[in-house]
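The values are calculated or read from the model by the stated rules, or taken from the named source; none is laboratory data. What you are looking at is a predicted structure, and each value in this text was computed from that prediction instead of being measured. Here the Cβ positions follow ideal geometry from the backbone for every residue, glycine too, while neighbour counts run over all protein chains shown.
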Amino acid sequence: MSNQPYFKRKEMSLFNKISMTLALACITMQLGSAQQQWRAYAGSTFYFAELNADGQSGVKSVSEPSAGINLGIAAGLNDNWSIHSGLGISYIQTGNTVGSYRDVENTTDQEGESFEFRYNLTNYEEKQQSVLLSIPVSVQYETSGNQTRFYSKLGASANFFVGSKSTGSANSLVTSGYFERFNGELTAPRFAGFGTFENIEFTDKDLEIKPSYNAFVELGVKEQITTGHWLYIGAFVEYGLNDLSDNQGSSLIQYNQNQPIDFINNSVLNASNQTTGEPFLGKINLMMIGLRINYDFGI
């Protein structure tokens, strides 16, 4: 029996079904078409991205602006139907905010003494930045016309996050250390990492995000600029089919034994509540909505 969780198998199965349906539709149309016209296109994408997530109370996902370029190829099956694929490269930003959060981490100090690192965050904000490589496959239908045409596109895409980083900040971080050996809680000194720290900016952290498999729909208009050269302008929505969470069981804020006032900030995508053992976020899906502008020409 497979060890892969049922919901992940179900999500990948859905992605495979969509891809198979598109492939069968393309083959069917190709067999029924006497002529095939190849075209290439290049353009830009402007969109808002969000890692939509279930999570603890007070956690909110934030849509952030992102942009990239598209390169692709299309096979025209007849005057109205075509199949498309290519490569998209974009700089993607996503974010999360937390009004307030507290937790406890078991750790050791510089002398190796075990203690409970207690902390309370207020107005925590995090942004995740990545280069996103996208490989789409789609079927397009367009109306007839010599100058202006309307089109609709249905497809699926595989999206890979490269060089991902997370950056966190908070209005305040209040820390203390409880030492069981002498039954005492230290709220100072600051050089030991205990106290109140205002307007804190955490150091960037490398981040691992699983590939996202999306379904998308695009609607738009294409206008002929010169003979055989078209300009596409379309609005699109993409919905992630699989869970991107990669929980590593780490505390959102960790005590830095070597540099106590340089706190370690782990992404909400990877963190767990150390008190309850629950992941900070539950299921995570990549959502995108935006605009694509492409220049299309024959090859």
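Here are the numbers for this structure:
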read-out	value
Top-ranked residue of region 190-205 - restricted to ones that are within 26 Å of the chain's Cα centre (by Cα) and acidic (D, E), ranked as surrounded by the fewest Cβ atoms within 10 Å (Cβ to Cβ)	E201
Residue list for region 55-84, restricted to those being among the small types (G, A, S) and either touching an Asp or Glu at 6+ places or on another chain (Cβ under 9 Å) or surrounded by 15 or more Cβ atoms within 10 Å (Cβ to Cβ) (or both)	G55, S61, S63, S66, G68, G72, A74, A75, G76, S82
Sole exception among (1) within 20 Å of the chain's Cα centre (by Cα); (2) modelled with pLDDT under 90; (3) more than 17 Å from L51 (Cβ to Cβ) for A271, by number	(3)
Filter pass, S82 being of a type in the set (S, T, Y), at pLDDT below 60, farther than 21 Å from K165 by Cβ and touching a strand residue (DSSP E or B) at 6+ places or on another chain (Cβ under 8 Å)	no
Failed criterion for N120 (all others in (1) within 30 Å of H84 (Cα to Cα); (2) in contact with a strand residue (DSSP E or B) (Cβ under 7 Å, 6 or more places away or on another chain) hold)	(1)
Residue within region 227-234 that is farther than 30 Å from E142 by Cα and out of contact with any Gly (no Cβ under 9 Å at 6 or more places or on another chain) present	no
Residue count, region 243-271 (criterion: over 30 Å from Y213 (Cα atoms) and in a strand (DSSP E or B))	3
For A188: the one exception among (1) under 30 Å from N242 (Cα atoms); (2) touching a Gly at 6+ places or on another chain (Cβ under 6 Å); (3) not in a strand (DSSP E or B)	(1)
Residue count for region 272-299, restricted to those that are assigned to a loop (DSSP other than H, G, I, E, B) and either among the hydrophobic types (A, V, I, L, M, F, W, C) or in contact with a helix residue (DSSP H, G or I) (Cβ under 6 Å, 6 or more places away or on another chain) (or both)	2
Which listed residue is in contact with a Lys or Arg (Cβ under 9 Å, 6 or more places away or on another chain), of a type in the set (D, E, K, R) and either part of a loop (DSSP other than H, G, I, E, B) or within 30 Å of E50 (Cβ to Cβ) (or both), from K210, K222	K222
Pair list, Cβ < 6 Å and 6+ apart or interchain, from region 175-203 residues that are closer than 12 Å to F263 by Cα to residues that are among the polar types (S, T, N, Q) and not in a strand (DSSP E or B)	F194/T187
